[in-house]
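Step one of this worksheet: look at the structure below.
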C-alpha cells in the first residue's frame, strides 16, 4: 500500500506530464475499434474506444427474413458485444498507460474520464 502511495505522490509532482499523457490517450480512444456480431453474422456492429457505435451492417439475408423484432434484438446484441470489446481494449490500453507512468495496476481501473467507463 505504501509503495502505491509513493508512486502516486511521485506522479503528483509530475502533473503536467500526466495531463499530457492523458490528453494523448483520450485522443487515441477514437482509433480503438472493436466489432461485435449476432445471428451468425446477420448483424455486425463496430464501436470505438469512446463507446460510440461507428457502424452497423445488416446482411441482406437478415432483411429478407422480414422479422423486425428479431432484427432489433440482433442489433442490440451485436452493439453490446462491440461496446464490451471496446471497453476491454480501453482497459488494456489504460493499464499500459498506468504502467508507463509508474502507477500500480488497477489504479486507473479502465474508467478514465472520457472513456465511458
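The values are calculated or read from the model by the stated rules, or taken from the named source; none is laboratory data. Nothing here was measured: the structure is a model prediction, and the numbers come from that model. Here the Cβ positions follow ideal geometry from the backbone for every residue, glycine too, while neighbour counts run over all protein chains shown.
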Legend entry - First in the range 21-36 and under 13 Å from residue 97 (Cα atoms), second anywhere and part of a helix (DSSP H, G or I), Cβ under 6 Å, 6 or more apart: 25/97
Inset, instruction - Evaluate the following for residue 73: is it more than 25 Å from the chain's Cα centre (by Cα) and either at pLDDT 95 or above or within 22 Å of residue 92 (Cα to Cα) (or both)? - result: no
Legend entry - Filter result (over 15 Å from residue 18 (Cβ atoms) and either assigned to a helix (DSSP H, G or I) or modelled with pLDDT of 70 or more (or both)) within the range 87-112: 87, 88, 89, 90, 91, 92, 93, 95
Inset, instruction - Name the residue, out of 56, 75, that is in contact (Cβ under 8 Å) with a residue 12 or more places away in the chain, in a helix (DSSP H, G or I) and either surrounded by 14 or more Cβ atoms within 10 Å (Cβ to Cβ) or in contact with a helix residue (DSSP H, G or I) (Cβ under 8 Å, 6 or more places away or on another chain) (or both). - result: 75
Inset, instruction - Can you tell me which residue among 115, 44, 84 is at pLDDT 95 or above and either surrounded by fewer than 18 Cβ atoms within 10 Å (Cβ to Cβ) or in a loop (DSSP other than H, G, I, E, B) (or both)? - result: 84
Inset, instruction - Just one of (1) touching a strand residue (DSSP E or B) at 6+ places or on another chain (Cβ under 8 Å); (2) surrounded by fewer than 13 Cβ atoms within 10 Å (Cβ to Cβ); (3) modelled with pLDDT of 95 or more trips up residue 67, so point out which. - result: (1)
